[in-house]
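Shown next, in structure tokens, is the structure this report addresses.
What follows is calculated from the coordinates using simple rules that are stated; it is not laboratory data. Everything numeric here is computed off the predicted structure, so don't read it as measured data. Ideal geometry is used to build each Cβ from the backbone, glycine not excepted, and the neighbour counts take in all protein chains shown.
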Amino acid sequence: MDNAIEVRDLVVVRGGKEVLLGISTAVRAGKVTGLLGPSGSGKTTLMRAIVGVQRVRSGRIDVLGQPAGSPALRAKVGYLTQAPSIYADLTVKENARYFASLYPGITKADADQAVRDVGLGEAANQLVRTLSGGQHSRASLACALVGKPTLLVLDEPTVGQDPVLRDELWQRFHALAAAGTTLVVSSHVMDEAGRCDRLVLIREGRIIADDTPEAVRGSADTNDLEEAFLRLIRREEAKV
Amino acid sequence: MSPTILLRTTGRVLRQLSHDKRTIAMVIVLPLVLLTLVYYLFEKQPHIFDHIGIIMLGVFPFILMFLITSIAMLRERTTGTLERLLTTPLHKLDLLFGYGIAFGVLAAVQASAGAGLAYGAFDLQTAGSAGLVILIAVADAVLGMALGLFFSAFASSEFQAVQFMPLVAFPQVFLCGLFTPRDQMAGWLHALSDIFPLTYAVQALQEVGAHADPTALMWRDLGIVAGAAVLALALSAATLRRRTD
């Protein structure tokens with residue numbers, strides 16, 4: 001299977017406002033796909049639709065060959081929400097072990113490993129509410145990685161992390177992709193775009209670019225991705 | 001549903017409580033303090049305490065469990081853990097029954113402590129056994145918990161959740177027969193009390209108070225309380241939507 005996710009003509013309306021205006025895209029299996037765009041562009045909505053928690057108006061999303069949100073997908077898809085969603089009154093290790101227990105075949109040892117993988121080995125026995133913001137979101141990330149999913153949907157996983165840790169996390173994402181995991185990672189920081197295998201740029205509910213970083217640079221005729229996106233946006237606006 | 005996930009969810013809720021010593025202390029100690037207050041209020045008329053004390057043993061767990069469950073569930077919603085859980089293989093009922101069992105355990109401890117104080121220190125007199133009193137008190141707690149889970153769906157903040165307590169719990173407490181015997185109430189109040197599940201919990205406790213052996217009416221009332229709890233749990237399952245706006 002070449003595509004892990006296929007989105008066709010997806011329309012999502014939230015609070016009376018069209019957030020996604022009939023977008024279509026495909027996410028390659030075993031690659032890191034970056035979902036980029038400013039805050040409010042529809043990144044989170046698209047991710048929620050992919051994991052099957054977003055009510056959609058029309059269109060179709062297939063994930064790993066099944067309609068998004070199918071019960072069979074729940075053991076195969078890992079989701080990191082933008083705001084950390086773990087239990088503040090449990091320790092990091094207790095959180096990871098609880099989420100581990102929800103997936104078939106995942107052990108306590110796997111949970112402890114996931115905690116070390118996000119660099120929280122030292123803080124494993126700390127209550128989540130005592131963690132710093134960056135540690136808090138990494139603890140949440142550990143709980144998304146713990147089920148060894150086939151598809152990982154990560155909403156802004158590197159926000160607020162120090163540069164060294166951010167680099168380590170991106171290396172981990174690529175290691176996971178090399179091992180066959182498909183990753184969809186959102187970011188609003190353009191310097192992260194260059195680290196992705198493919199890019200999808202969303203703006204105001206529409207896809208403006210959907211290609212490899214090299215091709216995006218090429219089509220905009222600049223080496224700077226930030227500048228490339230700017231040119232693509234202006235080109236789009238000129239068409240209207 | 002999966003027995004493993006149910007068990008782990010129960011364990012997780014209990015572990016959260018174990019990190020919150022103050023809440024546990026309040027859940028256990030608060031009813032004892034209030035019971036003590038009521039005992040000394042009627043110190044000169046011990047037969048009144050026999051009447052009211054036994055009812056309070058059932059009412060406390062109901063109110064407290066309603067409150068802590070609605071807040072706990074609201075937190076699951078507002079912190080995003082609920083949305084995340086619903087993307088995992090966890091079944092809605094694993095979550096609801098996980099809460100049910102964990103808080104049921106807490107309620108059993110609470111009810112035992114209350115009964116221990118009432119029988120041991122305050123010489124509560126009941127014709128039936130203390131074990132039945134505890135059993136009914138736990139059923140009451142589970143009912144409060146199930147209603148708390150359900151009503152938390154209609155609260156979008158902790159402020160609102162707290163307000164549901166007087167809305168849902170107080171009318172049931174007023175009309176359950178604690179303040180005025182039900183047969184002396186105005187017709188419409190009596191009819192209202194007929195549809196409140198707490199009424200049956202209190203009636204079951206009064207049956208234990210008055211009869212040495214469990215009566216058919218007591219078992220029927222206990223069944224109604226358990227049935228209402230299951231109904232509220234089923235309704236709360238319907239409020240847990242996997243897909244939202």
Close pairs (8 angstrom Cβ cut-off, 6 or more residues apart or separate chains): on the phi > 0 side of the Ramachandran plot in the range A:107-132, in a helix (DSSP H, G or I) and not small (Gly, Ala, Ser) anywhere: A:119/A:138; A:119/A:165; A:119/A:168
Qualifying residue in the range A:126-146 (condition: closer than 23 Å to residue A:14 by Cα and within 15 Å of the chain's Cα centre (by Cα)): no
Residues that are touching a residue at least 60 places away in the same chain (Cβ under 8 Å), crowded, with 22+ Cβ neighbours inside 10 Å and closer than 18 Å to residue A:149 by Cα, drawn from the range A:43-67: A:47, A:50, A:51, A:63
Given (1) under 23 Å from residue A:136 (Cα atoms); (2) within 12 Å of chain B (Cβ to nearest Cβ), index of the condition residue A:63 fails: (1)
Test: residue in the range A:145-153 that is surrounded by fewer than 20 Cβ atoms within 10 Å (Cβ to Cβ) and within 18 Å of residue A:77 (Cα to Cα): yes
Some residue of the range B:100-111 being within 14 Å of chain A (Cβ to nearest Cβ) and either in contact (Cβ under 8 Å) with a residue 24 or more places away in the chain or in contact with a strand residue (DSSP E or B) (Cβ under 9 Å, 6 or more places away or on another chain) (or both): yes
Selection count, the range A:1-57, where residues are under 21 Å from residue A:211 (Cα atoms), outside any strand (DSSP E or B) and in contact with a helix residue (DSSP H, G or I) (Cβ under 8 Å, 6 or more places away or on another chain): 3
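A quick yes/no check of all residues on (1) closer than 10 Å to residue A:34 by Cα; (2) out of contact with any Phe, Trp or Tyr (no Cβ under 7 Å at 6 or more places or on another chain); (3) basic (Lys, Arg):
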position	(1), (2), (3)
A:180	no, yes, no
A:183	yes, no, no
A:186	yes, yes, no
A:193	yes, yes, no
A:204	no, yes, no
A:207	no, yes, no
A:210	yes, yes, no
A:216	no, yes, no
A:229	no, yes, no
Criterion (farther than 30 Å from residue A:105 by Cα, away from chain A (no Cβ under 13 Å) and either part of a helix (DSSP H, G or I) or in contact with a Gly (Cβ under 7 Å, 6 or more places away or on another chain) (or both)) met by exactly one of B:97, B:49: B:49
Among residues of the range B:19-33, those that are within 14 Å of chain A (Cβ to nearest Cβ) and either part of a loop (DSSP other than H, G, I, E, B) or surrounded by 14 or more Cβ atoms within 10 Å (Cβ to Cβ) (or both), counted: 4
Filter result for residue A:97 (in a helix (DSSP H, G or I), without any contact (Cβ under 8 Å) to a residue 40 or more places away in the chain, under 19 Å from the mean Cα position of the chain (by Cα) and within 10 Å of chain B (Cβ to nearest Cβ)): no
Residue list for the range A:129-146, filter: more than 13 Å from chain B (Cβ to nearest Cβ), of a type in the set (S, T, N, Q) and in a helix (DSSP H, G or I): A:135
Residues of the range B:74-85 classified as crowded, with 22+ Cβ neighbours inside 10 Å and either in a loop (DSSP other than H, G, I, E, B) or more than 10 Å from every other protein chain (Cβ to nearest Cβ) (or both), total: 1
